[in-house]
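*Asks:* Below is one structure. I have some questions about it.
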Amino acid sequence: MDSDLDIAFKEAFIEISKLKQAVAPDVMLKLYAYNKQANFGSNFPYYDQLDVRNGFKINAWMQLKNMSSNQAKKEYIKLAKLLLNSKK
């Protein structure tokens with residue numbers, strides 16, 4: 001059974017996924033990193049260093065390497081709420 005935090009995290013992910021408006025790249029990187037840390041922890045994949053886009057994504061994720069899954073979920077939810085409220 002999912003905890004309240006897991007449910008709130010999934011709901012925030014769904015709402016962010018529905019956004020039609022553009023989101024600033026730095027905010028998207030933060031959301032990506034929090035999501036990856038929440039779901040996979042610090043299990044960073046190998047990536048081609050010539051792929052700049054993925055390099056930025058992995059770098060943002062690596063900056064959270066000491067963050068717990070639950071803390072990453074909380075940070076994702078907090079950022080999602082700020083973003084969703086600003087888009088209303």
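The values are calculated or read from the model by the stated rules, or taken from the named source; none is laboratory data. Keep in mind that what you see is a predicted model, and the values were worked out from it rather than measured. Quick reminder, even Gly has a Cβ in these numbers, built from the backbone with ideal geometry, and neighbours come from all protein chains shown.
*Asks:* Taking GLY41 as the residue in question, decide whether it is closer than 17 Å to LEU5 by Cβ and either modelled with pLDDT under 95 or small (Gly, Ala, Ser) (or both).
*Replies:* yes
*Asks:* Another question about this same structure. Could you identify the single residue in LYS65, LYS36, LYS73 that is of a type in the set (D, E, K, R) and over 14 Å from PHE9 (Cβ atoms)?
*Replies:* Result of the check over LYS65, LYS36, LYS73: LYS65.
*Asks:* Given segment 1-76, what helices (runs of 4 or more DSSP H) lie entirely inside it while holding 2 or more residues that are without any contact (Cβ under 8 Å) to a residue 12 or more places away in the chain, more than 27 Å from LYS87 (Cα to Cα) and out of contact with any Ser or Thr (no Cβ under 6 Å at 6 or more places or on another chain)?
*Replies:* It comes to 52-62.
*Asks:* When the residues of segment 9-38 are filtered to those that are at pLDDT 90 or above and of a type in the set (S, T, N, Q), which remaining residue is surrounded by the fewest Cβ atoms within 10 Å (Cβ to Cβ)?
*Replies:* Filtering segment 9-38 for residues that are at pLDDT 90 or above and of a type in the set (S, T, N, Q), the one surrounded by the fewest Cβ atoms within 10 Å (Cβ to Cβ) comes out as SER17.
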